[in-house]
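Where a number appears in this text, it was derived from the coordinates with a stated rule and is not lab data. All of these numbers come straight from a predicted model, not from anything done at the bench. Note: ideal-geometry Cβ built from the backbone for every residue, glycine included; neighbour counts use all protein chains shown.
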Amino acid sequence: MRTTICYICSGNLKMYLLAGSMLLFSCGNSLPAQTLRVAVADYPPYTYVQDQQIDGEGFQAFDSIMTELGVKYRAEAVPHFGRSLIDMENNQLDALLLATESPERSSLAQYSEPLFFADWAWVWLAKRNDIQPDSDQFREVAIVSAQKNSNIYRWLALQDYQITPGTSDIRGLFNLLDHGRVDAIMLPEITATTLINNHQRDKTQYKIHKHIKLPYGIYISKAFLANHPDFMQKLNQAIKKYNGDKTPQATSKTKIAAPTN
């Protein structure tokens, strides 16, 4: 994958092309002496790569928060966090952006205050009048899929859905659906609508059903926090300051995908 080296000063996203890993540095006095190494998942419109640059409202929020804290960071774009957990366990990575909670992630890292709340949603072809995603029969017989190595894929497996391997690239899920290889796919609702619009798909060909609302935040590795014990408190304060009173409350359904699962 072609990547970019980026120097970011007070939110100014001026980019310079260079082969290598994705490197981004915020200006100002850094809170921890260690540069925060963060994996950024491909989940448009929150986080994505376009023209060799990481972008999206989630990434911009993260950059603003790091600038507020005066923290240096190095960000690498990844399709999902499957490999990232191994890197975090091997102390090669310090943070995940944006992430939902899971036991595997929580064993290695501490979860921040939410940056956003988003709905996981079912998507299926509109011509399939037999699809009823809230029914028990759907769970028992429908063939479903999600992005491989994602928290959604893991959750579907734990909930005993009839799941088949998806694609590492979240954009490929619609190809599985369009070619009839699955009955439905699950991904964040706003990501689904963004991909439909960005790829000029006919939105009337799909139905989208919101299933569960979840917080999306930042995981910080416990190894990093051991060296910087005040970092999480300062990060959460900065997130609250960034969000103000804008962040909606998650519904009680959020508990379904909590780390206890």
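If the segment from His209 to Arg139 were pulled out straight at 0.36 nm per residue, it would be longer than the present Cα-Cα gap by 23.7 nm.
Which of rounded, prolate, oblate describes segment 137-200, given a ≥ b ≥ c as roots of the alpha-carbon gyration tensor eigenvalues and a/c under 1.5 marking rounded, otherwise prolate only if a/b is larger than b/c? Prolate, since a/c reaches 1.5 and a/b exceeds b/c.
Taking the centroid of alpha carbons for each part, segment 109-129 and segment 68-92 are 22 Å apart. Each peptide in 104-111, 122-129, 55-62, 193-200 was scored by the mean count of other Cβ atoms within 10 Å over its residues; highest first, the order is 55-62, 104-111, 122-129, 193-200. Using alpha carbons only, the radius of gyration of segment 102-208 set against its Kirkwood radius gives Rg/Rh = 0.98. Remark: the His199-Lys222 segment gains 4.4 nm on full extension, using 0.36 nm per residue and subtracting the alpha carbon distance. When Rg and Dmax are taken over the Cα atoms of segment 127-167, they come to 10.5, 30 Å.
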